[in-house]
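Worksheet: the structure to be examined is printed underneath.
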Amino acid sequence: MQSVKLYLFCCLIFLTITLLVTAWGVFPLISLGEVHVVEQSQFLAGLSTLVERRSIENSSTRTKETVEELISRDLNTSSTTFDHEDKQEETLLSSDREISQLPIQQKVHRFQASQIAAAYVDIRHSSEDKNLVNQPGISVLSPQESGIIGEDAEKSSSCYGKRVYMYDLPPQFNTGVLQRCNNSMVNWLNFCPHIAHNGFGRSLRARDWYATDVYMLDVIYHTRMKTYSCRTLNSSLADAFFIPYYSGLDALRYIYGADLPMKHEQGLELLHWLQKNAQETWRRWGGKDHFIVMGRTAWDFSNPSDNKQGWGTSFLEMQAMANVTSLVLEKRIWRSNEQAVPYPTSFHPSSSLHLQEWIDKVESSERKFLFAFTGAPRPQMKSSIRGILFSQCDASSACTIINCSKIKCAHNPEPIIESVLQSKFCLQPSGDTATRRSTFDSIMAGCIPVFFQNDSAYTQYTWHLPSDPDEYSVFIPEDEIRNGTLLEDVFKSYSDEKIKQLQLNVRKLIQRILYTGMSGSDADVVEDAFNLSVKGILNRVATLKQQSSG
């Protein structure tokens, strides 16, 4: 009898152990008092395995996003609250460090959340990517063009020929410049408000609209490059090298500030740093595979070193910069290593859906004015045709004027966009230089740009605008305006069919001249101004290498 009891007792113990082991397999992260059933390393290993499995299953172009990013991108209806600077590194692949510091109960929740996020990405992209490709106003990069997460760039064949290495410069060359925004560089200038939202500036009432300052180009490109899909951390594999120096902002102290007497020395410290820390990468191609963004016109950096009275610094005149490609707001057309990129506008759509909604709004907008002019007369500029344009516009009931000498136009896009949305043609005369931001405001609003100089667009933005100017614009030589040509007569000579075709072509350019605020796969596949700039750099570098080798 005792043997029977012993046998039953043993069976009971065996059954109990079996049930516990089964439960252990189902709930491997249960915490019993102070004893953690699963060690931290085991948890992270399990998480990494899950992420790797999902990464293989997903398309190589998809971005693994945190739950917070997904919610911010999909549910935010007022502005982009997702802080690119703080959140951009928080993909599922890089969350180990954060998770390792959490209590075990929170690890369970985060682990479950990561699975939900991954599943959400699958569902969202399977439906939304298909819709994105079918949207008439948006063109996308193919999976082979768009690349993958930067940390995997070294391993991915889709990043072949597109890997960019970004130098980790000391803060004095970029983020440290921003810390001096409050009257420190120039005693009458406070540009702190413009730094907000990673260079987009203060958010406005409308969703995805900001009071963007054109000189924040350096910050915008630096922010985007941090999450560029084919950014590599291995310099030996890089096809191109990005120098994230805020040259446009740093130039303020040399142009207007206390360092004016040393204006010919801008960039020397940077070049010394590169000479010390990047000799090997620089020596490969003599700087031909390097590029830099300069958030001003080239004229602000091209003062000969022997000209003590001239305007601007001498950064672009230094011998070390001769082979580096400089992305500027306006280039010198005889310099092949300079390339103009679009001025930032105030609209930075945070998703492909928001972009398409804007394009649809532009298409449906009632154009009750034949032409429009936004700007100031500039009577002090004797050679300018602006005064003539103002007079003609003011005398015509078919024209609307935004006079920037009477209202504030800078950082105040609402009256400007309202005006150009109602107009068919938008006048783009030169100002202090040949190019102007208004060109891109008008394209963004679907208004056909009217140029009076080739250098205002045609010879400048060759990576972003069509090679045939007649596809999207009207050209009237300045001399014809001086000789009495009437704008209204020129525009009325265009048939309704021709105008509609021009408007359609302009709408196709909208995404190409915008710097979007998108994250995840949208940022990779939508051909916006940043992506086209990087694509242009890579094509140029490949051509230069081929020429040097041949």
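Centre-to-centre separation between the Cα atoms of segment 494-550 and those of segment 291-323: 27 Å.
Annotation: per residue accessible area for segment 172-218 equals 46 Å², rounded to a whole number [probe 1.4 Å, protein chains only]. Shown is the FRET efficiency for residue 307 and residue 547, computed with R0 = 30 Å from the Cβ-Cβ distance and rounded to the nearest 0.05: 0.40. Checking every one of the GluC sites (Glu not before Pro) in segment 329-374 against DSSP loop status and a limit of 11 other Cβ atoms within 10 Å picks out 366. Surface exposure of segment 363-425, expressed per residue as accessible area with a 1.4 Å probe, stands at 50 Å².
Whenever you get a sec, compute what percent of the accessible area on segment 202-351 sits on carbon and sulfur atoms (1.4 Å probe). Carbon with sulfur: 50 percent of the solvent-accessible area. Please report how far the C-alpha centroid of segment 421-436 lies from that of segment 360-380, rounded to the nearest whole angstrom. What the calculation gives is 9 Å, centre to centre. Normalised size of segment 185-326, defined as Cα radius of gyration per 2.2 N^0.38 Å with N residues, equals 1.15.
Both radii come from the Cα set of segment 378-498: Rg as radius of gyration, Rh as Kirkwood radius; their ratio Rg/Rh reads 0.92. Computed on segment 401-470, with alpha-carbon pairs under 8 angstrom and 6+ residues apart, the relative contact order is 28 percent.
What's log10 of I(q)/I(0) for segment 479-539 at q = 0.14, 0.16, 0.22, 0.23 Å⁻¹, Debye sum over Cα points only, no solvent? Calculated log10 I(q)/I(0) at the listed q: -0.64, -0.71, -0.87, -0.91. Ligands, DNA and RNA left out, the 1.4 Å accessible surface of segment 450-545 is 45% carbon and sulfur atoms.
The values are calculated or read from the model by the stated rules, or taken from the named source; none is laboratory data. These figures come from a predicted structure and were not determined experimentally. Counting neighbours? That spans all protein chains shown, and the Cβs are built from the backbone with ideal geometry, glycine included. Only protein heavy atoms, including side chains, enter the accessible area calculation; ligands, DNA and RNA are left aside. Shrake-Rupley method; radii C 1.70, N 1.55, O 1.52, S 1.80 Å.
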